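Notes follow once the structure below has been shown.
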Amino acid sequence: MSNTSAEYEFKQKHLLGLADYSAEDILYVLDQARSFREILDRPVPKVPTLRDKTIVNLFYENSTRTRLSFELAQKRMGADVVNFSASNSSAKKGESLKDTIRNISSMKIDMVVVRHESPGVPHFLTQCVDAAILNAGDGAHEHPTQALLDMFTMRQISSELKGRKIAIIGDISHSRVVRSNIIGLKKLGAEVVLCGPKTFMPVFVEDYGVNVSYDLDETLAWCDIAMALRIQLERQDRATELFPSLREYHERFGIKMGHLEKYPDFRIMHPGPINRGVEMESEVADSDRAVILDQVTNGVAVRMAVLYLLSGGTRV
């Protein structure tokens, strides 16, 4: 299933979440990302497709991979990049988000990449400025570019996601990556199982429309791809009440080398950062069954594709 034909019209103006994207939109982004992934393998991995665009990276939450990936994607395409960090801005003096973005917008910007601890902030910014808004993570709501790069990586393993068996393991309740991945994978026809302690499952997990397992071995025996998630202590008000200890969590839900020997077919993913010795053994993360570093590289290509399409580009 592919949408690289010239007839397809990509009509999205923002990337607020994958809930707003059709299966065709998602596939079109992934197909365009393939061209940008090839560009990254060139001796000079740059294209001047955004050299007349100004992009603001508006980060109110700490980030390493996502922020660097977006910034690298923007510079690979020749954009003028402005980085904003709430920790050393007027936000520390009490300036509201609305006033901050309006002041930045008055400097004539084209796109805003925003990460914020509050769900819905990307939607709110579309009401404040005319620029294209890209959600780089809003609270525990969505993280659409992470899900897109995850699906891009899955398509490298198996070009057709329809019918693929994907397990997402760990802190389901507090993860925005899970929400975006479930939305995207279901639209592309994949089967999804959530696995983890009952205390890490959302109250209304059945509303996600996926299966749930509390048995890691059962899950790994079933899946084609296992995506482990870290325990997000920064989003948990009662973290110490949700599980007895990190050691016990690792014993029950950590992927170990023994699992790779017992179940030889599944591949391993992780959105990062990895807590080695918690969600997986260090040897597992470094094994040839893991595609974690591929996810990082693919993230640059996917974000290049999204930036290009939302800037008005049609085909690479």
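Derivation of every value follows stated rules applied to the coordinates shown; laboratory data play no part. Predicted model, so just to flag it, every value in this text is computed and none were measured. Cβ coordinates were reconstructed from backbone atoms using ideal geometry, including for glycine residues, and neighbour counts include every protein chain displayed.
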Heads up, the range 84-204 by the C-alpha gyration tensor (a ≥ b ≥ c square roots of eigenvalues; a/c under 1.5 rounded, else a/b over b/c prolate, else oblate) looks prolate
With 23 Å as the limit, write out which pairs from 13/53; 46/162; 13/162; 13/108 have Cα-Cα distances beyond it, or answer none. 46/162; 13/162
What's the ranking of 204-210, 192-198 by average number of surrounding C-beta atoms within 10 Å, highest first? 192-198, 204-210
Would you please classify the overall shape of the range 144-292 from the alpha carbon gyration tensor, given that a ≥ b ≥ c denote the square roots of the eigenvalues, rounded means a/c under 1.5, and beyond that prolate means a/b larger than b/c while oblate covers the rest? oblate
Listed by chain and number, the lysines with an alpha carbon less than 19 angstrom from that of residue 11, same-chain partners under 8 positions apart left out, are 187
The chain: calculated mean residue ellipticity at 222 nm from DSSP helix runs of at least 4, using -39500 (n - 2.57): -11000 deg cm²/dmol
Helix 176-187: angle to the longest alpha-carbon principal axis of the chain, degrees 0 to 90, nearest 10? 90
Could you tell me whether the range 1-134 comes out rounded, prolate or oblate from its Cα gyration tensor? Rule is a ≥ b ≥ c as square roots of the eigenvalues, rounded for a/c under 1.5, then prolate if a/b exceeds b/c, otherwise oblate. prolate
Count the net charge of all other residues whose Cβ sits under 10 Å from the Cβ of residue 143, scoring Lys and Arg as +1 and Asp and Glu as -1. 0
Can you tell me which of 258-270, 37-49, 216-228, 104-116 comes out highest on packing, and rank the rest after it, using the mean Cβ neighbours within 10 Å? 216-228, 104-116, 258-270, 37-49
